[in-house]
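Engineer: Can you keep this structure in mind? I'll have questions shortly.
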Amino acid sequence: MIKKESNSMILDAEAHPLDSYLRPGRIPHIWCSGCSLGSITTVVIEAIIESEIDPKNIAIVSGIGCTGRAAGYLNFDSFHTTHGRALPFAIGLGITDPNRKVIVISGDGDIASIGGNHLIHAARRNADITVFCVNNFQYGMTGGQVGPTSYIGQYQTTSPYGNIEEPFNLPALAASCGATYVSRWTALDVRRMKESFVEALLHKGFSFVEILGACPTTYGRRNQLRDGLTILENFKNRTILQHGIDPMKAQIQKDGPIIVGKFVEIQKPTLTDNLLRLHKMAKNVKPEL
Amino acid sequence: MSKKTEEIPDILTGEYFTTGNLAVAEGSLAAGCKYFGGYPITPSSEVAEHMAERLPQVGGHFVQFEDELASIASVLGASWGGWKSCTATSGPGYSLMVENIGLGVMMETPCVIVNVQRGGPSTGLPTLVGQQDVQQARWGSHGDYEIIALSPNSVQECFDLAIDAFNYAEKYRVPVTILMDETIGHMSERLVIPKRSQVKRLNRKKPSDKPGQQIHLPYEADKDLIPPMAVAGEGYRTITTGLTHDARGYPVINASAQKKIVKRLCNKILLNKNDIIKFEEYLLEDAEYVLISFGISSRAAKGAVNLARNKGIKAGLLRLITIWPFADEAIQEMAKKAKVIFVVEINNGQITREVQRAAAKQKADVYGILKLGGSIHTPAEILKEMEEKI
Ligand code: SF4
C-alpha cells in the first residue's frame, strides 16, 4: 500500500519519493545541519522498502535522545518511550504478535548507558528485535556530555580535561551477550549500511547494527572536527572493512582504525520461538490453586 | 502435577482455599490478562510464579525481566500490542517502576500493577506487612496526573478487584495499581471463582475510522475525554510519545498544549469518580465514632467496631476499596455527622492526612491510629486508642 503511494508521489515535482514514509507535517526535523541522523533515517526507510516487510507489521520504538526522535518522524506504528527503556518496551510489543517486526532506533547513551542492562539481556534472550544504534560518541541532545562510548581523551562538557574512562565496544558487547546478528558501519558507508540493514531486518532474532554518526554540534566542535563533513572524512580515513573478524578486536580509540563489517550472523531459536514452545508444554499441566 | 487431556480454561470456575497472591493472579487471568512481565521480589513473587505457570496455558506469555524498569516497560509495550498486561512487585520494585507508570499515564496505556506492600523505606521489612506505599501510588511518578488504585482486604477481593482493575485500566486508558499488602498476599481464605459468563470484561475503545483512509488522530478524545486506542499492527500508523503531544500524537512543547493534555488526563478520571470510587460501610447509620481504613487494617478496624459496640460506643467503619481517586465527598459527609474520625493504617498517617484534608472545617476531629509496619493492629489496640480520644 505504501509503495503505491510513493510511486504516485514521484509524479509530483514538489514531493520526495520517500515522503509517504515520513509522518505528514513532521518535517523539518529537529536535527542539526551536518548531523548524520537524516541520512541514516533515509537508509532505514530504503532498507524497510527493500526488505518487503508489510509496513503494517512494522513498529518503530525509540528511547530518548537525538536518535530517539526518529520514531516520531517515521510513518509506521511508532513509540517514543522513556530514556533507556526502548528495548523492554519493544520486547513486550513484539511478543504479542510473531509477525510483528519491531525496530529499535536509538542512540548509544540510550541503548548502552541508561539502557545497557536491557541491551545485554535482550541479546541474551535473542529477542526478535532489530536495533539500529547510532553512536555519536556522547550525549548530543543534552548538550555534549561524555558517555560510555567516548574514547579516552575525548573532550566533552563533563570531561573538560579529556575523558578518562575506556569506551564500550558495542559490537563486542552485543555479540558476547548473545546477539545473533552484529555489524558496524559509519554513516558514510551508505550502500553497505543499507545492505546490512536489510539483512538485520530479515534476520530472525536479535540483530544489532551500530552506526557511527557524525555529530558536529556537540562532539565535533569540541574535538577539532568542525563540521559534519570533516567528521565523515575522519571516519573515511580510519575505516577498515573486516567482515567476520572477532568484534573484540574492533575497539575504537582516538585516531585509531575504525573496523567496520558484519561480525556475527548465526541462527538460534528466538525469544518468541521459545515462548510459543511453552504453550505446547503447558497445555497438559493441571493448574494448582 | 497431574495431567489431563482437555484444554485448560482461562478461568478456573470453582471453590478454592488459597492465598491473596494467587487470587490476584487468577483474577487477572479471568479479566483477560495475556501478558505478565516481572521481576522477583518478596512478598509478591508468588504472583509471578503463578502467572509463569498459567499464562502459557491460556495462550499468553510470561517473561521474567532483568529488573522492574524493564518489567513495566514491557507491560506497556504488550498493551500497545493489544494484550491486557500486568506486573506485580513490592515497594522497592514499585519505586523502580514509577517513571514508566508516568509514561503509561501520558501514553494512556491500559495496564495493571500489583503492589504487595511491605514495610519501608528502602529494603525495610521484606517479609513483613506495610501500607506505606499508598501516597507513592498516587504521586510516585513526576508531574501532575490522576491515577486509580484499589485495595482489597480479603482473598476473594484480590480476585474481584483484579477484574475491576483491568476493566478500569481498559475503560479509562490508565495504569491501575492494586495496593495489596504482605498479609493479604500470603494469607489463605476461601475463594470462589465464578463462571466465565459471570465475569464482566471491558475492552478499550476501538477507533471508528478505517485504517489508512485519512490521517489517524490517536489522541483525539471523545466526549468522555478518552481517545479510542489504535494498537500496533492494525494499520493506523499510530504514534505515541511521553512528550507533551496534541491530538495527532505529535510533540508540542508549549504551555497551552501542556495545559490541555494534563487537564484531560486528570479530568477523565476525576469526572468519573462516581464510577471508580468504591467503599464499604459498616454500622455507619448512627455512628458517632467512625473508623476509616483499608486493606488488612480494615479487618482489625471492623473487629474494633464490634468491640466498641459491645461496650455501647456508637462506632462504625468506612472501608476504602478505591484509594485513588480519593473518596473526598463521602468522607466530608461523614465528618459532618461524626464526633471523631479515626484512620487505621500501617504507615505514619498517609491516609490520615488525606482524610484531614477531606474533612477540613467539618465537625469531626480526625486522628490516626497508626503502626509503622511489621505487624497489624489488633482490635483491642484500636479500641484502646479510640477510648483515649472519646
Ligand atoms: S546534537 Fe549532534 S546528534 Fe544531535 S541532532 Fe545535533 S548534530 Fe545530530
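Engineer: Go through the residues of region A:79-87 one by one and say whether even a single one is assigned to a strand (DSSP E or B) and either touching a Pro at 6+ places or on another chain (Cβ under 9 Å) or more than 16 Å from the ligand (Cβ to nearest atom) (or both).
Structural biologist: Yes; the residues of region A:79-87 include at least one that is assigned to a strand (DSSP E or B) and either touching a Pro at 6+ places or on another chain (Cβ under 9 Å) or more than 16 Å from the ligand (Cβ to nearest atom) (or both).
Engineer: Would you call residue A:194 touching a residue at least 40 places away in the same chain (Cβ under 8 Å), part of a helix (DSSP H, G or I) and more than 16 Å from the ligand (Cβ to nearest atom)?
Structural biologist: yes
Engineer: Quick one: would you say residue B:299 is within 22 Å of residue B:376 (Cα to Cα), in contact with a strand residue (DSSP E or B) (Cβ under 9 Å, 6 or more places away or on another chain) and either of a type in the set (Ser, Thr, Tyr) or assigned to a helix (DSSP H, G or I) (or both)?
Structural biologist: yes
Engineer: If you don't mind, another one. Please find, among A:75, A:117, A:135, A:126, the residue that is away from the ligand (no atom under 16 Å from the Cβ), touching a strand residue (DSSP E or B) at 6+ places or on another chain (Cβ under 9 Å) and polar (S, T, N, Q).
Structural biologist: Only one candidate passes the filter, namely A:75.
Engineer: Looking at region B:250-282, which of its residues are closer than 27 Å to residue B:292 by Cβ, exposed (fewer than 15 other Cβ atoms within 10 Å of the Cβ) and basic (Lys, Arg)? Walk me through it before giving the result.
Structural biologist: Kept after step one, since they are closer than 27 Å to residue B:292 by Cβ, are these residues of region B:250-282: B:266-282.
Next, only the ones that are exposed (fewer than 15 other Cβ atoms within 10 Å of the Cβ) stay: B:267, B:270-271, B:274-275, B:278, B:281.
Residue satisfying the conditions is B:278 alone.
Engineer: Is there any pair linking a residue in region A:31-60 that is closer than 18 Å to residue B:239 by Cα and more than 16 Å from the ligand (Cβ to nearest atom) to one that is part of a helix (DSSP H, G or I) and aliphatic (A, V, I, L, M), with Cβ under 6 Å and at least six apart or on different chains, and which?
Structural biologist: A:55/A:2; A:59/A:93; A:60/A:71
Engineer: Is there a residue in region B:204-222 that is more than 26 Å from residue A:78 (Cα to Cα) and not β-branched (Val, Ile, Thr)?
Structural biologist: no
Engineer: Moving to a separate point now. Return the total of residues in region B:234-266 being part of a helix (DSSP H, G or I), within 20 Å of residue B:222 (Cβ to Cβ) and either at the interface with chain A (Cβ under 7 Å from one of its Cβ atoms) or among the aliphatic types (A, V, I, L, M) (or both).
Structural biologist: 4
Engineer: If I filter region B:95-103 for residues that are within 25 Å of residue A:287 (Cβ to Cβ) and without any contact (Cβ under 8 Å) to a residue 40 or more places away in the chain, do I get at least one hit?
Structural biologist: Within region B:95-103 (the criterion being within 25 Å of residue A:287 (Cβ to Cβ) and without any contact (Cβ under 8 Å) to a residue 40 or more places away in the chain), the answer is no, since none of the residues qualifies.
Engineer: Among the residues of region B:277-298, which ones are in contact with a Ser or Thr (Cβ under 6 Å, 6 or more places away or on another chain) and within 27 Å of residue B:170 (Cβ to Cβ)?
Structural biologist: B:277, B:278, B:294, B:295
Engineer: Here's something else I'd like to know. Within the set of pairs 6 or more residues apart or between chains, which connect a residue that is under 26 Å from residue B:77 (Cα atoms) and of a type in the set (A, V, I, L, M, F, W, C) inside region A:129-140 to a residue that is within 14 Å of the ligand (Cβ to nearest atom) and part of a strand (DSSP E or B) with Cβ atoms less than 6 Å apart?
Structural biologist: So the pair list comes out as A:132/A:105; A:134/A:107; A:134/A:211.
Engineer: If the requirement is being part of a loop (DSSP other than H, G, I, E, B) and within 20 Å of the chain's Cα centre (by Cα), which of these qualifies: A:205, A:256, A:261? Steps first, answer last, please.
Structural biologist: Working: A:256 fails: within 20 Å of the chain's Cα centre (by Cα); A:261 fails: part of a loop (DSSP other than H, G, I, E, B).
Only one candidate qualifies: A:205.
Engineer: Checking residue A:106 against (1) in a strand (DSSP E or B); (2) at the interface with another protein chain (Cβ under 10 Å from one of its Cβ atoms), which single condition isn't satisfied?
Structural biologist: Single failed check for residue A:106: (2).
To keep it simple, each residue is scored yes or no on (1) in contact (Cβ under 8 Å) with a residue 60 or more places away in the chain; (2) aliphatic (A, V, I, L, M); (3) on the phi > 0 side of the Ramachandran plot.
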{"position": "B:281", "(1), (2), (3)": "no, no, no"}
{"position": "B:284", "(1), (2), (3)": "no, yes, no"}
{"position": "B:287", "(1), (2), (3)": "no, yes, no"}
{"position": "B:293", "(1), (2), (3)": "no, no, no"}
{"position": "B:303", "(1), (2), (3)": "yes, no, no"}
{"position": "B:307", "(1), (2), (3)": "yes, yes, no"}
{"position": "B:314", "(1), (2), (3)": "no, no, no"}
{"position": "B:317", "(1), (2), (3)": "no, yes, no"}
{"position": "B:320", "(1), (2), (3)": "yes, yes, no"}
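Engineer: Which of the strands (runs of 3 or more DSSP E) contained wholly in region B:6-122 include at least 1 residues that are at the interface with chain A (Cβ under 8 Å from one of its Cβ atoms) and modelled with pLDDT of 95 or more?
Structural biologist: Passing ranges, in order: B:14-19, B:33-38, B:61-64, B:84-89.
Engineer: Another question, then. Quick one: is residue A:229 within 16 Å of the ligand (Cβ to nearest atom) and at pLDDT 95 or above? Even if it seems obvious, please write down each step before you answer.
Structural biologist: Working: within 16 Å of the ligand (Cβ to nearest atom): yes; at pLDDT 95 or above: yes.
Here the answer is yes, as residue A:229 does meet what is asked.
Engineer: Out of the residues in region B:191-245 meeting the condition of being farther than 17 Å from residue B:167 by Cβ and of a type in the set (Lys, Arg), tell me which one is surrounded by the fewest Cβ atoms within 10 Å (Cβ to Cβ).
Structural biologist: Among those residues, the one meeting the criterion is B:223.
Engineer: Kindly check whether there is at least one residue in region A:260-272 that is within 14 Å of another protein chain (Cβ to nearest Cβ), under 25 Å from residue B:63 (Cβ atoms) and not hydroxyl-bearing (Ser, Thr, Tyr). Can you show your working first?
Structural biologist: Just the residues of region A:260-272 that are within 14 Å of another protein chain (Cβ to nearest Cβ), to begin with: A:270-272.
If we keep only those that are under 25 Å from residue B:63 (Cβ atoms) as well, we get A:270-272.
Narrowing the set further to residues that are not hydroxyl-bearing (Ser, Thr, Tyr) leaves A:271.
There is at least one residue in region A:260-272 that is within 14 Å of another protein chain (Cβ to nearest Cβ), under 25 Å from residue B:63 (Cβ atoms) and not hydroxyl-bearing (Ser, Thr, Tyr).
Engineer: Right, another one. Quickly run through region A:109-123 and pick out the residues that are closer than 12 Å to residue A:208 by Cβ and not small (Gly, Ala, Ser).
Structural biologist: Just the residues of region A:109-123 that are closer than 12 Å to residue A:208 by Cβ, to begin with: A:111-112, A:119-120, A:122-123.
Scanning region A:109-123 gives A:111, A:119, A:120.
Engineer: Where residues in region A:211-226 are more than 11 Å from the ligand (Cβ to nearest atom) and within 20 Å of the chain's Cα centre (by Cα), which of them is farthest from residue A:44 (Cα to Cα)?
Structural biologist: A:212
Engineer: Which residues, counting only those in region B:30-60, are within 18 Å of the chain's Cα centre (by Cα), without any contact (Cβ under 8 Å) to a residue 60 or more places away in the chain and closer than 24 Å to residue A:273 by Cβ?
Structural biologist: Once the filter is applied, which keeps residues that are within 18 Å of the chain's Cα centre (by Cα), without any contact (Cβ under 8 Å) to a residue 60 or more places away in the chain and closer than 24 Å to residue A:273 by Cβ, region B:30-60 yields B:35, B:36, B:37, B:38, B:48.
Engineer: For residue A:77, only one of the following conditions fails: (1) closer than 25 Å to residue A:265 by Cα; (2) crowded, with 24+ Cβ neighbours inside 10 Å; (3) among the charged types (D, E, K, R). What is its number?
Structural biologist: (1) is the only condition that residue A:77 fails.
Engineer: Next question, about the same structure. Take the residues of region A:82-139 that are of a type in the set (Ser, Thr, Tyr) and over 13 Å from the mean Cα position of the chain (by Cα): which is nearest to residue A:217 (Cα to Cα)?
Structural biologist: A:139
Engineer: For region B:343-390, what are the residues that are buried (at least 22 other Cβ atoms within 10 Å of the Cβ) and among the polar types (S, T, N, Q)?
Structural biologist: Within region B:343-390, B:347 is the sole residue that qualifies.
Engineer: Ok, one more. Go through (1) in a helix (DSSP H, G or I); (2) surrounded by fewer than 21 Cβ atoms within 10 Å (Cβ to Cβ); (3) away from the ligand (no atom under 12 Å from the Cβ) and name the single condition residue A:93 misses.
Structural biologist: Answer for residue A:93: the failing condition is (2).
Engineer: I'm trying to understand the selection: among the residues of region A:62-78, which are facing chain B (nearest Cβ under 7 Å) and either of a type in the set (S, T, N, Q) or in a loop (DSSP other than H, G, I, E, B) (or both)?
Structural biologist: Result: A:75, A:76, A:78.
The values are calculated or read from the model by the stated rules, or taken from the named source; none is laboratory data. Computed from a predicted structure; not experimentally measured. Note that we place each Cβ from the backbone using ideal geometry, even for glycine, and neighbour counts take in every protein chain shown.
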